[in-house]
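Worksheet for the structure shown next.
Derivation of every value follows stated rules applied to the coordinates shown; laboratory data play no part. Note that the structure is a prediction, hence the values are computed from the model and not measured. FYI the Cβ positions are ideal-geometry reconstructions off the backbone, even for glycines, and counts take in every protein chain you see.
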Amino acid sequence: MSPEQSIKNSCCGTETRRVSLVGFTPYPDQDWMEQQARNLTMQQWGCLRDCRYLLHDRDAKFCQSFRELIKTGRVNPLRLPARSPNLNSYAERWVRSVKEECLAKLILFGESSLRRALQQYLLHYHEERNHQGKGNQILFPSQTETRRDMGAVRCRERLGGLLKYYEREAA
């Protein structure tokens with residue numbers, strides 16, 4: 001499985017547009033997918049615990065036992081029709097964003113560098129990047145960040161300057 005397929009299938013897009021990366025493997029088999037279903041629906045920290053639906057494509061890795069385990073977590077798995085990217089537009093848009101803004105501009109050396117780049121991009125996407133579809137707001141501003149009206153504007157960077165954002169210094 002390519003990294004972009006893993007990313008696309010790991011999105012948990014809701015009206016808040018929160019994205020979660022839930023697992024990486026080059027060869028997802030039935031046992032691995034069943035474990036992912038259990039992890040996704042765990043009461044304490046599973047990223048689907050408050051979701052009603054899980055949209056997924058028709059890939060064979062989303063086997064019957066995976067869908068049954070998702071249902072036991074009170075989430076309804078919905079298979080999308082073949083060749084219908086517009087029905088999962090939030091996930092498709094996120095894949096396009098991460099590819100254009102991050103992955104296409106990096107040379108990755110193995111799985112660990114891919115993980116690091118994706119984790120840094122997720123922090124940027126959720127806590128620092130303005131989202132035009134959400135009124136140019138930051139989706140999940142960090143708890144320590146407070147919007148200030150005074151002070152000089154400074155540039156902050158992630159991934160060696162690839163991802164930049166601006167904030168005001170404390171006055």
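Working from the Cα coordinates of the chain, the gyration tensor eigenvalues give, after taking √(5λ), semi-axes of 32, 19, 15 Å in decreasing order.
Ordered by the count of other Cβ atoms within 10 Å of each Cβ, fewest first, M33, M150 give M150, M33. Between rounded, prolate and oblate, where does the stretch 3-101 land on the alpha carbon gyration tensor, with a ≥ b ≥ c its root eigenvalues, rounded for a/c under 1.5, else prolate if a/b exceeds b/c? Rounded is the answer for the stretch 3-101, as its axis ratio a/c remains below 1.5. For the stretch 22-30, putting each phi into the Karplus relation 6.51 cos²θ - 1.76 cosθ + 1.60 with θ = phi - 60° gives couplings of 10, x, 10, 7, x, 9, x, 9, 4 Hz, in residue order, rounded to whole numbers and with x for Gly and Pro. Using a 10 Å Cβ count of at most 11 others and DSSP loop calls, identify the longest part of the chain lacking such GluC sites (Glu not before Pro). Between exposed loop sites, the widest span is 16-144. In plain terms, the residue of W94, W45, W32 with the fewest other Cβ atoms within 10 Å comes first and the most crowded comes last, giving W45, W32, W94. From its DSSP helices (H runs of at least four residues, each -39,500 (n - 2.57)), the chain gives a residue-normalised ellipticity at 222 nm of -10500 deg cm²/dmol. In this structure the amide hydrogen of L54, modeled in the peptide plane, comes within under 5 Å of the amide hydrogens of N76, L78, none closer than 5 places in sequence on its chain.
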